[in-house]
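Down below is the structure, laid out as structure tokens.
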């Protein structure tokens, strides 16, 4: 099995490792409440999807 003849430099190693971070997924805007939400998912603010009410959203009680 072939081995490298010489060691890779730090800059060459770091250039390869520079792109491991995840990108922020694209957010869309809910047409009902105008809050940002993930595409193709139920809005967690108002509970609607595709113009229909899917979830009943209950406000948390503050004590």
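The values are calculated or read from the model by the stated rules, or taken from the named source; none is laboratory data. No experiment lies behind these values; they were computed from the predicted model shown. Positions of Cβ are backbone-derived with ideal geometry, glycine not excepted, and every protein chain shown enters the neighbour counts.
Count, please, the residues in region 32-53 that happen to be in a loop (DSSP other than H, G, I, E, B), on the phi < 0 side of the Ramachandran plot and surrounded by 12 or more Cβ atoms within 10 Å (Cβ to Cβ). Step through it out loud before you land on a result.
In the first step, residues of region 32-53 are kept if they are in a loop (DSSP other than H, G, I, E, B); the result is 32-35, 38-47, 50-51.
Right, trim to on the phi < 0 side of the Ramachandran plot and you get 32-33, 35, 38-39, 41-46.
When the remaining residues are screened for being surrounded by 12 or more Cβ atoms within 10 Å (Cβ to Cβ), the result is 32-33, 35, 38, 42-46.
Total satisfying the criteria: 9.
Taken together, 28, 62, 11 contain a single residue that is at pLDDT 90 or above and out of contact with any strand residue (DSSP E or B) (no Cβ under 8 Å at 6 or more places or on another chain), which is 11.
Among the candidates 11, 25, 6, single out the residue that is loosely packed, with under 11 Cβ neighbours inside 10 Å and not in a loop (DSSP other than H, G, I, E, B).
Working: 25 fails: not in a loop (DSSP other than H, G, I, E, B); 6 fails: not in a loop (DSSP other than H, G, I, E, B).
Exactly one of 11, 25, 6 is loosely packed, with under 11 Cβ neighbours inside 10 Å and not in a loop (DSSP other than H, G, I, E, B), namely 11.
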